[in-house]
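**Student:** My questions all concern the structure below.
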Amino acid sequence: MTTTTETSPAIQAPPRVTGISHIGLTVRDIVASEAWYTQVLGLVRAFVEPHSGGDGYTVVMTRPGTALFMGLDHHPAADPTRFSELRIGLDHVALQVASRNEIDEWITHLDGMGVERGALFQATEPAPRAQVTFRDPDGIPIELFWLGA
């Protein structure tokens, strides 16, 4: 008789992941949201995908030249209540920018588009960083974030 010692699943390391594949957001008005994400964030439609096994579809958008993919989901039976980060689930979406100067460029762009935004936040500890936050048409907070070295 042989004895095999198995490591408990709670102790085993999970398999590897390499990053976030995409973000999926349920929106109230998919036409208005697609237009907003195009104008404000420079996303373009990559394709439209029907939801598996049921109603609705996703407009998958991307930012050309990046690995960013965002799905705008249309669910016919979705709760139309405006988004709140105070409900369980998503709190915000944070998009990374390459430099501190790009935060200023985004602020100028947002202001020029008439997008209401929060104040610039900057800190040096525990690491240099800066961010600006604004909301999409459904109230989902989007944060543009720079983390220095």
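The values are calculated or read from the model by the stated rules, or taken from the named source; none is laboratory data. The structure presented is a predicted model; accordingly, all values stated were derived computationally and were not measured. Virtual Cβ from ideal backbone geometry, glycine too; neighbours counted across all protein chains shown.
**Student:** Within the group R28, R16, which residue is surrounded by 13 or more Cβ atoms within 10 Å (Cβ to Cβ) and assigned to a loop (DSSP other than H, G, I, E, B)?
**Tutor:** Exactly one residue qualifies, and that residue is R28.
**Student:** Of the residues R82, R117, which single one is of a type in the set (K, R) and surrounded by fewer than 12 Cβ atoms within 10 Å (Cβ to Cβ)?
**Tutor:** R82
**Student:** Now for a separate question. Could you grab me the full set of residues in the stretch 102-123 that are among the β-branched types (V, I, T) and either in contact with a helix residue (DSSP H, G or I) (Cβ under 8 Å, 6 or more places away or on another chain) or at pLDDT below 95 (or both)?
**Tutor:** Start the filter on the stretch 102-123 by keeping residues that are among the β-branched types (V, I, T), which leaves 103, 107-108, 115.
Passing the criteria: only V115.
**Student:** Of the residues R82, R100, which single one is touching a Phe, Trp or Tyr at 6+ places or on another chain (Cβ under 8 Å) and in contact (Cβ under 8 Å) with a residue 12 or more places away in the chain?
**Tutor:** Checking each option against the conditions leaves just R100.
Residue-by-condition table, conditions (1) part of a strand (DSSP E or B); (2) exposed (fewer than 10 other Cβ atoms within 10 Å of the Cβ); (3) at negative phi; (4) assigned by TED's automatic domain parsing to the domain that holds P137:
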| residue | (1), (2), (3), (4) |
| --- | --- |
| R45 | yes, no, yes, no |
| E49 | yes, no, yes, no |
| S52 | no, yes, yes, no |
| D55 | no, no, yes, no |
| T58 | yes, no, yes, no |
| P64 | no, yes, yes, no |
| A67 | no, no, yes, no |
| D73 | yes, no, yes, no |
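**Student:** Can you confirm whether Q122 is assigned to a strand (DSSP E or B), polar (S, T, N, Q), more than 21 Å from R28 (Cα to Cα) and under 15 Å from the mean Cα position of the chain (by Cα)? Working first, answer last.
**Tutor:** Details: assigned to a strand (DSSP E or B): yes; polar (S, T, N, Q): yes; more than 21 Å from R28 (Cα to Cα): yes; under 15 Å from the mean Cα position of the chain (by Cα): no.
It is false that Q122 is assigned to a strand (DSSP E or B), polar (S, T, N, Q), more than 21 Å from R28 (Cα to Cα) and under 15 Å from the mean Cα position of the chain (by Cα).
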